[in-house]
Amino acid sequence: MKLTSLTRSVFLFILFILISIMLSMALLVTNEPRILTDLDTPSFDTRCVLGVENTGAYLDNKGLLSVSTWNIYKQKKDNWDKQLARLNQGSQLVLLQEAGLSPELSQYIRDTGLKVSMAKAFTLWNTAYGVMNLARIQAKSACAFTETEPLIRFAKSGIVAHYPLSTGEDLLVVNLHGINFEWDLTHFSKQFEAIALELDKHHGPIILAGDLNTWRAERLNFVAALASKHHLSEISYRVDKRRRVFGLPLDHLYYRGLTFQSAESLATDSSDHNPITAHFMVKELP
């Protein structure tokens, strides 16, 4: 019996080492933030990209603006493409977290003619993963941000992008996947401090959204305080089916400088998170 137990322990240890080696070989951590905005040249070469001038093209549709945010769970579940299609049909801007730039997602983007901005967090088995913006027009500018999880090698990424509105203003959009595997706020707060520098520089309308991993009251309070400092309001929900951990929602959407109309988070079986869609009107300049 003792020999069997020892043999099992040795086997599990060797298996753990082999899996760790395989994962290390497959995983490429993003040391520097990198962004992609063109599927025809799918390489992450720079941190910030300036888009083409969208002359006469605006993110909103005649003053109406719908924004969705969804952790797509690396497209692991069935019918993710159908759920994503519904979000894109009803929104001018879709913000994804845990998006994997697989051939299937790339083909979906090409087929729909959507413009993409993606901040890579890491590469696993030759597939890049991170946050992704999808819209009918290209962002005027987009920059990538990353922060490495303290307990695992995987990083989390974020995008700060500017989109033109019909009011003549630029909408600053922050799409963020929050640090998860940390009890205190050291790396979590560093993520937001980097984003806060961008919020400080922008005086127009703002959307801040994503899977912020606010599964602890201290995390939720930290985000709420940062939002308040920058005069951001959290949306209210007609239907709220957001994923919760320890009773607290993980996904959020904050806004400023827009007229909020309504929002909903409806259940889906296409991910381990349920998407959020919020509807706004853009404010005319005085």
Relative pair counts by distance (%), Cα atoms of region 74-201, 5 Å bins: 2, 10, 19, 21, 20, 14, 10, 4, 1
Semi-axis lengths (Å, descending) of the ellipsoid that matches the C-alpha gyration tensor of region 50-149: 23, 17, 12
MRE, 222 nm, helices only [DSSP H, n ≥ 4, -39500 (n - 2.57), over the chain, to nearest 500]: -8500 deg cm²/dmol
Using alpha-carbon coordinates, inclination of helix 103-112 to the longest axis of the chain, degrees: 10
3J(HN,Hα) from dihedral phi, region 236-252, Karplus parametrisation 6.51/-1.76/1.60, rounded to Hz, x for glycine, proline: 9, 10, 5, 10, 10, 10, 4, 5, 10, 10, 6, x, 10, x, 8, 9, 8
Relative contact order of the chain, pairs being alpha-carbon contacts under 8 Å that are 6 or more residues apart, as %: 19
Angle in degrees between helix 80-90 and the longest Cα principal axis of the chain, rounded to the nearest 10: 10
Radius of gyration, Dmax [region 236-286; alpha carbons; angstrom]: 13.2, 44
Amide H contacts of residue 178 (H built 1.01 Å from N, under 5 Å, at least 5 apart or other chain): 211, 212, 213
Debye log10 I(q)/I(0) at q = 0.18 Å⁻¹ for region 178-286, Cα point scatterers: -0.96
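Quantify, in whole percent, the carbon and sulfur part of the accessible surface of the chain (1.4 Å probe; protein heavy atoms only). Intermediate values should be presented prior to the final figure.
On the way: 7910 of 13930 Å².
Exposed carbon and sulfur together represent 57 percent of the surface.
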Part-to-part distance (alpha-carbon centres) for region 176-199 and region 67-125, which is given in Å: 23
Karplus 3J(HN,Hα) series, Hz, for region 266-275 with 6.51 cos²θ - 1.76 cosθ + 1.60 (x for Gly, Pro): 9, 6, 9, 9, 8, 7, 8, 10, 9, x
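Please work out the FRET efficiency for the pair residue 221 and residue 7, using the Cβ-Cβ distance as r and a Förster radius of 45 Å; give the result to the nearest 0.05. Please report the intermediate quantities before stating the final value.
Details: r = 50 Å, r/R0 = 1.11.
Calculated value: 0.35.
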At most 15 other Cβ within 10 Å, DSSP loop - trypsin sites (Lys or Arg not before Pro), region 143-237: 153
Candidates 63, 90, 168, ranked by Gaussian network fluctuation over the chain, Cα under 10 Å, top entry: 168
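For the chain, what is the accessible area per residue in Å² when the probe is 1.4 Å?
Details: 13930 Å² over 286 residues.
Accessible area per residue, the chain: 49 Å².
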In region 69-150, chymotrypsin sites (Phe, Trp or Tyr not before Pro) in a DSSP loop with at most 15 other beta-carbon atoms within 10 Å: 125
Calculated Rg and Dmax of the chain using C-alpha coordinates, Å: 19.8, 82
Positive-pole candidate from 236, 180, 131, dipole of the chain, charges at beta carbon: 180
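Which is the longest part of the chain that has none of the GluC sites (Glu not before Pro) sitting in a DSSP loop with at most 13 other Cβ atoms within 10 Å?
Details: sites that count: 53, 284.
Segment 54-283 is the longest.
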Distance between modelled label sites at residue 85 and residue 186, nm, 7 Å Cα→Cβ extension: 4.7
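The values are calculated or read from the model by the stated rules, or taken from the named source; none is laboratory data. Because the structure is predicted, anything quoted here is derived from the model rather than measured. Here Cβ is always computed from backbone atoms with ideal geometry, including for glycine, and neighbour counts include all displayed protein chains. Ligands, DNA and RNA are stripped out before the accessible areas are found, and what is left, the full protein with its side chains, is counted by its heavy atoms. Shrake-Rupley method; radii C 1.70, N 1.55, O 1.52, S 1.80 Å.
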